Amino acid sequence: MTDTALSRRRFLQFSGLAMASGLAGCTSSMNTEVFREQTRPYFRNTALEGRPEQIDRRGPISIYGQTPPSGLLPESSRYASMYAPVNDGGFQVPAVPYQQIDPRFYRQEVESPFAEKPGTIIVDTGNRFLYLIEQDGRAMRYGVGIGRQGFAWSGRGVIQWKQAWPKWTPPDEMVKRQPELANYSGANGGMPGGLNNPLGARALYIFKDGQDTLYRLHGSPEWKSIGKAVSSGCVRMLNQDVMDLYDRVPNKTPILVI
């Protein structure tokens, strides 16, 4: 064998050993379980969305300019942080399993579809969205669930006041239907705020012309109801989302319900 061939053979042998050594170093120092968790894909589940997959030969269907995501969900770590457990007011608000919710209903900044002034809240009951209008044609959008009472009022009003961990007082008609709620009637002082309270972590109370509309924006631990019409309640939001909205808007914030 010539010196040239021998040198080339030794070079390839040493290169292979170096590469194997390098790979061994990577795998020995890497936590493969963490790696799999951080890189696993998130896929849309149309069964959870409650609607068929939409296909358009012209391109992806968009909703108010937002293209439904598929495959690896962008910014998944941001959503994990956004919907993580929260210790608030002495209560431990549980994490939201956001992967099981249609991504359309995640809190996100979008192009505003409405020509309302910044600082206005708009509840789009038909599409199950709540918008907080921002500057420069943008809006913060939240997914909501709409209860029976949520369809009972529409129009313009203001957030007269808001409350953290609000008390809940079931209407007398509800107490008649469900006598077990008598302990929480108005005469008995209502249900104190807490994790089991139907109004959740925050409530925003809507008035029109100085009168209570009995229409509320409120939190709920029932994440499965987001994006849906539900049997009771007004406009329910994920607890983490209603806490975010609560911090963004002052009393007397204008609101439009459509």
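Listing for the model above:
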quantity	calculated
Positive minus negative residues near Ala203 (Lys, Arg vs Asp, Glu; Cβ under 10 Å)	+4
Computed accessible area, Ile226, all protein chains, 1.4 angstrom probe, square angstrom	10 Å²
Residues of segment 183-258: accessible area per residue with a 1.4 Å probe, Å²	43 Å²
Neighbourhood charge, 11 Å Cβ-Cβ cut-off, centred on Ile146 and excluding it, Lys, Arg +1 and Asp, Glu -1	+3
Proximal charge balance of Gly193 [Cβ under 14 Å; K/R count +1, D/E count -1]	+3
Fraction of accessible area attributable to carbon and sulfur, segment 163-230 (%, probe 1.4 Å)	51 percent
Accessible area per residue in Å² at 1.4 Å probe, computed on segment 83-151	42 Å²
Point-to-point label distance, Asp172-Val86, nm (Cα→Cβ direction, 7 Å offset)	3.6 nm
Rg and Dmax of segment 163-255, Cα atoms only, in Å	13.6, 38
Computed magnitude of the charge dipole of segment 151-258 (debye, nearest 20; Cβ of K, R +1, Cβ of D, E -1)	160 debye
Stretchable slack from Gln135 to Gln99, in nm (0.36 nm times residue separation minus alpha-carbon distance)	10.0 nm
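The values are calculated or read from the model by the stated rules, or taken from the named source; none is laboratory data. In this text the structure is predicted, and so the values were computed from the model without any measurement. Positions of Cβ are backbone-derived with ideal geometry, glycine not excepted, and every protein chain shown enters the neighbour counts. With ligands, DNA and RNA removed, areas are computed over all heavy atoms of the protein, side chains included. Shrake-Rupley method; radii C 1.70, N 1.55, O 1.52, S 1.80 Å.
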